[in-house]
Amino acid sequence: MKTLIVLVDFSDIAEHAVRYACELSAHLKTEKIVLLHAYQVIQPTGQQPLTTVADKETRQEIYGRLEKIKAACILPAPASTSIEITLAEGMPEDIINFVAGQEAADLVIMGITYKTGFERALTGSTTAAILEKCNYPVLVVPPTANAKTISRMVLAVSLSD
């Protein structure tokens, strides 16, 4: 697999998925890891739109945080693997196919949190939305997964299409 896309939302779970991808890249001889963060600029309900300064500040802050994650990722990943950062405005489930297509991604990697039924109903499930809409293979990494000793994988396939 030449290119892995890792979804980053700055949670501990997402950072674990990044470390997992970096370790996995050694086994797969990956050439490139793309750290992808999707964000939304909240539009005010009043008559004044957000300024572009706020958007630039947001992007700079996000990029800085991604740079820190990238720096922590360099050691577990092989030296031959390049690590890149991509920021995109919008919902992850809407952006991922576009970015994965641009990058010729072989695999999308993301972490998963275990929520109660009430929490899922209240906040929704980004993981479920991505699994439903993504046109690329998605590897969902549980919080305790270890890339050094892959012992089990589950393949979920929708046969309705």
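The values are calculated or read from the model by the stated rules, or taken from the named source; none is laboratory data. Source: prediction; values computed, not measured. Cβ atoms come from the backbone with ideal geometry, glycine included; neighbour counts cover every protein chain shown. Accessible surface areas use protein heavy atoms only, side chains included; no ligands, DNA or RNA. Shrake-Rupley method; radii C 1.70, N 1.55, O 1.52, S 1.80 Å.
Here are the numbers for the structure shown:
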read-out	value
In the range 74-124, the residues that are surrounded by 15 or more Cβ atoms within 10 Å (Cβ to Cβ), small (Gly, Ala, Ser) and either at pLDDT 95 or above or under 20 Å from Tyr20 (Cβ atoms) (or both)	Ala77, Ala100, Ala105, Gly111
Of residues in the range 132-161 being in a helix (DSSP H, G or I) and touching a helix residue (DSSP H, G or I) at 6+ places or on another chain (Cβ under 9 Å), the one surrounded by the most Cβ atoms within 10 Å (Cβ to Cβ)	Ala147
Whichever residue in the range 17-43 is open to solvent by 60 Å² or more (accessible area, probe 1.4 Å), in a loop (DSSP other than H, G, I, E, B) and not polar (S, T, N, Q) and, among such residues, is modelled with the highest pLDDT	Glu31
